[in-house]
1. Say we join alpha carbon atoms closer than 10 Å with springs in a Gaussian network model of the chain; which of G300, G112, G26 then has the biggest fluctuation?
2. In square nanometres and to one decimal, what's the mean projected area of the convex hull around the Cα atoms of the chain?
3. Using Cβ contacts closer than 10 Å as the measure, can you line up E193, E77 from fewest to most?
4. Identify which of V194, V25, V115 has the largest mean-square fluctuation in a Gaussian network model of the chain, with springs joining Cα atoms closer than 10 Å.
5. Of the peptides 126-139, 262-275, how do they stack up when ordered by the mean number of other Cβ atoms within 10 Å, highest first?
6. In whole angstrom, note down how far apart the Cα centers of segment 170-198 and segment 280-331 are.
7. Per DSSP H run of n ≥ 4, the term is -39500 (n - 2.57); total these for the chain, divide by its residue number, and report the mean residue ellipticity at 222 nm rounded to 500 deg cm²/dmol.
8. Give the calculated FRET efficiency between E93 and E290 to the nearest 0.05, with a Förster radius of 22 Å applied to their Cβ-Cβ distance.
Amino acid sequence: MPTDPALGPAAVPSLARFGLGTAAVGRPGYITLGRDLDLPAERTVEALRRRTHALLDAAYAAGVRYFDTARSYGRAEEFVGEWLAARPQAASEVLVGSKWGYTYTADWQASGVPVHEVKEHSTAVFDRQITETRAALGARLGIYLVHSVTPDSPALTDPALHARLAELAAGGVRVGLSTSGPAQAETIRAALEVTAGGQPLFAAVQATWNVLEPSAGPALARAHEAGWLVVVKEGMANGRLADRNATGPDTAALRALAAGTGTSCDALALAAAAAQPWADVVLSGAATPEQLASNLTAAGVGLGPADLAALDALAEPAEAYWRTRAALPWA
Ligand SMILES: NC(=O)c1ccc[n+]([C@@H]2O[C@H](COP(=O)([O-])OP(=O)(O)OC[C@H]3O[C@@H](n4cnc5c(N)ncnc54)[C@H](OP(=O)(O)O)[C@@H]3O)[C@@H](O)[C@H]2O)c1
């Protein structure tokens, strides 16, 4: 529903444009903002396994067909793998992406550990983690991303690693990268130039894009034009754009548009990502089925150019956005 009829009907995204990420539910600790409110009081392995399976069931029933996980999300790959194994029909219809390059080190603690995950983009870590990922997901692995690439990562320059990734791609897995930090655009442009055996190596990217941090947009448009699968993560800025958190002057334009369109702030934030012509899939990072249901109402929200222009006012300098994100506590 466009708010400016003069601009004609806005495209309404279909549910197939949305995916479900498992970062919030595969382990007890993460950086989203309301974990004490939204997770079971006892964050046991069994409780989070049940929560992950309930979210996957609800997402699949709603029409979501893209699921995202990673080696470093605690036991998320295992939970997703079990869910797929028990539902062959669903498994045949969905696309599953995972990531390697971070090792989970929190030993099922939510907080109080010095380091929750350790990043290393080496061939040794790839060799270990692809074996672990295969054990959890088997042939269901459709996409494998180098996790959180920044411009200094060997993933952009190491020929031995590129040969490993090319071998995986030759076996039918789409190989790509996720990006983080204020230099996402530079990272994506560098990755577009990487070749192995004379062919472009990467064919997928998962990047942060939200109305507070849209700086990767032009580089993601180039990736989309190059035929890459472009997946948006952190579309709600780790929960900062949910109604209960989007209360300050920095998010006034989001609240105003949500009120004007009868939409929740979380759905509007995800709809803004889905309105980007280069965005193939937009992830919900929901921690509860209720959040998921609210997030997925984004599929009914078509935003026109005037709506998107109003949201431009929310953009922060990228450096400031990533400083705020880096300060979010693990809980
Ligand atoms: N480097 C990478 O590759 C990378 C990094 C980050 C994420 N990801 C992927 O992207 C996915 C999404 O990212 P994300 O979870 O970090 O960020 P997000 O989508 O920006 O935020 C999700 C969080 O927002 C809160 N939320 C969502 N809907 C809500 C609602 N209706 N009301 C109140 N709160 C709501 C929940 O947190 P609370 O319940 O805690 O409030 C939820 O966990 C992840 O699951 C993961 O798969 C990848």
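1. For the chain, modelled as a Gaussian network with Cα springs under 10 Å, the answer is G112.
2. It is 15.7 nm².
3. E193, E77
4. Result: V115 has the largest fluctuation of those listed.
5. With the highest mean Cβ count within 10 Å placed first, the list reads 262-275, 126-139.
6. 23 Å
7. Here the helix-only value at 222 nm equals -11500 deg cm²/dmol.
8. 0.35
All of the numbers you see were taken from the coordinates with simple rules; none came from a lab. Source: prediction; values computed, not measured. Methodologically, a virtual Cβ is constructed for each residue, glycine included, from the backbone with ideal geometry; neighbour enumeration extends over all protein chains shown.
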